Amino acid sequence: MQQLTRPARRGLLVLHVAVSVSWLGLSLGLLALGITGWTTGSPDTASAAYRAMKIFGDWLVLPIALVTLVSGLVLSLGTSWGLARHRWVHLKFWLTLATVLLSVFALRPGINHQAAEAVAGNPAPAIDLVVAPAVATATYFFLTAISVLKPWGLTARGRRLREAQATEARANRAHRAHRTQGSDK
């Protein structure tokens with residue numbers, strides 16, 4: 001993929017950070033509502049918590065997850081970080097993809113089920129709506145940490161690319177030096 005221009009990269013980076021932080025905040029909100037629904041002794045409070053989770057699940061989870069995934073993918077492919085050059089970027093991509101899929105195929109169906117039960121007047125405590133947002137929140141904190149710290153260095157592909165670039169740069173310098181010596185004669 002062609003490298004992003006500086007303004008495009010910066011704009012996309014702002015978008016990516018904003019939606020990533022939104023996803024973290026959303027998961028914290030879902031966790032708070034899930035804990036409320038699970039621990040309350042009030043069927044009315046549990047019903048309100050699960051119905052609020054459905055609103056977040058219907059309107060925010062999927063769009064925020066997808067924009068996070070796509071903006072991160074475009075940033076990695078459109079910058080020198082690459083998708084498979086650095087271990088932290090590679091891991092971040094796969095964890096983000098996994099959490100998007102879990103959001104679509106596990107979290108949202110669980111929320112929808114509990115919300116339907118709440119509307120029917122049967123809001124039972126649901127530990128899965130505590131566990132899923134807790135795991136998601138921990139994952140997003142981890143992804144944030146590796147984005148800031150950038151640990152683990154290059155992948156094998158990244159090392160090969162770096163060595164190829166270094167070899168090419170040495171060859172170009174030698175070629176320029178040879179041309180300069182030839183023009184001095």
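Observations on the structure shown:
- Estimated inter-spin distance, Leu102 and Arg162, nm [label 7 Å along Cα→Cβ]: 3.0 nm
- Heavy atoms of the protein chains alone define the surface here; on that basis the chain has 59 Å² accessible area per residue at 1.4 Å probe size.
- With contacts taken as Cα pairs under 8 Å and at least 6 residues apart, the chain reaches a relative contact order of 30 percent.
- Per-residue ellipticity at 222 nm computed for the chain from its helices equals -26500 deg cm²/dmol, with DSSP H segments shorter than 4 residues left out and the rest contributing -39,500 (n - 2.57).
- With Cα atoms, 0 to 90° folded angle of helix 108-119 axis to the chain main axis: 20 degrees
- Rounded accessible area of His178 (nearest 10 Å², 1.4 Å probe): 130 Å²
- Principal-axis analysis of the Cα atoms of the chain puts helix 87-102 at an angle of about 30° to the longest axis.
- Calculated diffusion of the stretch 130-169, Stokes-Einstein form, Kirkwood radius summed over Cα pairs, 20 °C and 1.002 mPa s, µm²/s: 170 µm²/s
- The stretch 67-124 shape via C-alpha gyration tensor axes, a/c threshold 1.5: prolate
- A simple charge model with +1 on the Cβ of Lys and Arg, -1 on the Cβ of Asp and Glu and nothing else charged puts the dipole of the stretch 30-164 at about 900 debye relative to its Cα centre.
- Counting 0.36 nm for each residue step from Gln3 to Val17 and taking away their Cα separation leaves a gain of 3.1 nm.
- Projected label distance in nm at Leu73 and Arg10, using a 7 Å step from Cα toward the beta-carbon: 2.7 nm
- Two-site label geometry, His178 and Ala116: point separation in nm, points 7 Å out along Cα→Cβ: 7.2 nm
- Taking the accessible area of the chain, probe 1.4 Å, and keeping the other protein chains in place, the carbon and sulfur fraction comes to 67%.
- The residue list Val130, Ile64, Ala52 was ranked by how far each Cα lies along the charge dipole of the stretch 47-170 toward its positive end, using unit charges on Cβ atoms, and Ile64 comes out on top.
- Lys, Arg +1 and Asp, Glu -1 on Cβ, resulting dipole of the stretch 132-172 about Cα centre, debye, nearest 20: 140 debye
- Rounded D (µm²/s) - the stretch 1-81, Kirkwood Rh over Cα pairs, Stokes-Einstein at 4 °C, 1.567 mPa s: 90 µm²/s
The values are calculated or read from the model by the stated rules, or taken from the named source; none is laboratory data. Being a predicted model, the structure only gives us computed values, none of them experimental. So basically every Cβ, Gly included, is an ideal-geometry build from the backbone, and we count neighbours across all protein chains shown. These accessible areas exclude ligands, DNA and RNA; they are computed on the full protein's heavy atoms, side chains included. Shrake-Rupley method; radii C 1.70, N 1.55, O 1.52, S 1.80 Å.
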